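The values are calculated or read from the model by the stated rules, or taken from the named source; none is laboratory data. Values in this document were obtained by computation on a predicted structure and should not be read as measured data. FYI the Cβ positions are ideal-geometry reconstructions off the backbone, even for glycines, and counts take in every protein chain you see. SASA here: full protein model, heavy atoms, side chains in, ligands and nucleic acids out. Shrake-Rupley method; radii C 1.70, N 1.55, O 1.52, S 1.80 Å.
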Amino acid sequence: MDHILHGGDIGNPSIILQLESIAPVTAVLGNTDDSALRFQETEVVELGGRKFLVHHIVNPKSLNDSLKERIAREQPQVVIFGHTHKPFRETIGGIFYFNPGYAGQSRFGMERSVAILVCDKKGVRTQYLKL
């Protein structure tokens, strides 16, 4: 695995340490995270020749103004997010929006999942893994 992108709701910071033992991690704060953690609300990282914007709360079909501005400024090819805990993958306005789902303790009857993004010359492909 080349890199791990984490879209918020870190919960226990030791999870990030565990993930960092697998691969480098880019993580952002979620709405229930302690702001004393060392994470930002938004991160931008370039991987495999593509720019990724990671932000916790994203409604791809109705972006708030500050996120619209950040996306316009950064021009990412991919936006990774969490918050809804529901898998989502759709290209909107030429940008691929992706939510890997929810890997935490099962709640609200939601299926738990993680996902892998494969980025190569053919494009970006996703693989969801149920937990």
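Structural remarks
- Placing pseudo-labels 7 Å out from each Cα toward the beta carbon at Thr126 and Glu111 gives an inter-label distance of 1.3 nm.
- Segment 40-131 - percent of accessible surface contributed by carbon and sulfur, probe 1.4 Å: 48
- Once the C-beta distance of Ala23 and Phe88 is scaled by a Förster radius of 30 Å, the resulting FRET efficiency is 0.85 to the nearest 0.05.
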